[in-house]
Amino acid sequence: MTSANMFTMEPEDTIPMLQQYYFPPYITLINRYSQQPDKDWAVRKRTLKQYLLEFVLDGVTDIILTDETIRVRTGDLFLIRPNQTHTNQGVPSNGYSCISVVFHFGQTMFPLDQVLTPSTHLGSYRNHPVEKLLHQLLQHYRKPDGYHQMICQHMLLSVLIQVSETQGLRKASPPRSNTRLEHVRQYIMEHYRENLSLDDLETASRLSRNYLIQQFKQAFGLTPKQYLNWVRVQKAKELAITTSLTIGEIAERVGYADVHTFGRMFKKQTGTSLSMFCSTLVYDS
């Protein structure tokens, strides 16, 4: 079908053909949240079906994930992804206030983790333009009309773009060591179906094992093994949603000969089984 023919189509009929285009994020909620230092508090084992972007205005809290605990402080920005079980645990004698943005992309499989590093902690943005954008985003969200809704979508995308640029994912000429690390990341993306080992990654990168692990985590927020598991989980979710493959077939497609080993890995990474993920998956539109 030519682009000229698409001009005459109904808008909803064009969506399946727009493979390289995505749509502004749907913002479910933006609010400012506070806890006093003299109060013990926690939000325990919460699993959202949407993205949660949170900027720490003041104070300290611990973000507890399946396999790590991250302490975030004033100025830090973190992202909880859909179906990622987490606990937000207050730190004794410390208050906490933040701006929270809950959003999603509807039924569009937007590749946000190609734009941002897959780590939960995105970095510190105190006195950074991102901080100003988030304050403005909150102000515009409180004015419910089409103009301000459009501004909110624009600002949220601007935040994500600026974070991506700060993380260096769009730099044209990275240092040589970073080029090797990016090569390792791409190697994992291309070979996640195989029985990858650290020996394979050492050979691909020509870096020593300890240096590779240290530098990879510093660059991407995860060790090579954690990143491999993350890729396999994302690919398994994609196959579960877009194909009629069995769980055993999906496990094989993402590099696991044994479906039980795959199941344990998936549940450890996401807090739920793949079958439960599929049965409870709901999109807001």
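The values are calculated or read from the model by the stated rules, or taken from the named source; none is laboratory data. Only a predicted model underlies this, so the values are computations on that prediction, with no experimental measurement involved. Cβ coordinates were reconstructed from backbone atoms using ideal geometry, including for glycine residues, and neighbour counts include every protein chain displayed.
Overview of values
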| read-out | value |
| --- | --- |
| Subset tally (residues that are among the small types (G, A, S) and farther than 23 Å from Q167 by Cα) for the range 198-221 | 2 |
| Residue identified as in the same structural domain as I64 (by TED's automatic domain parsing) and surrounded by 16 or more Cβ atoms within 10 Å (Cβ to Cβ) among H135, H140 | H140 |
| Flag if T203 is β-branched (V, I, T), assigned by TED's automatic domain parsing to the domain that holds R264, over 21 Å from the mean Cα position of the chain (by Cα) and surrounded by fewer than 20 Cβ atoms within 10 Å (Cβ to Cβ) | yes |
| Residue that is modelled with the lowest pLDDT [pool: residues in the range 174-207 that are outside any helix (DSSP H, G or I) and under 26 Å from H121 (Cβ atoms)] | P174 |
| Pairs with Cβ under 9 Å, 6+ apart, first in the range 228-249 and assigned by TED's automatic domain parsing to the domain that holds N83 and free of Cβ contacts under 8 Å to residues at least 24 places away in the same chain, second surrounded by fewer than 14 Cβ atoms within 10 Å (Cβ to Cβ) and part of a helix (DSSP H, G or I) | none |
| Given (1) more than 26 Å from E165 (Cβ to Cβ); (2) surrounded by 17 or more Cβ atoms within 10 Å (Cβ to Cβ), index of the condition P224 fails | (1) |
| The range 261-271, residues that are within 17 Å of the chain's Cα centre (by Cα) and among the β-branched types (V, I, T) | T270 |
| Of all residues in the range 112-127 being surrounded by 12 or more Cβ atoms within 10 Å (Cβ to Cβ) and out of contact with any Leu (no Cβ under 9 Å at 6 or more places or on another chain), the one that is nearest to L222 (Cα to Cα) | D113 |
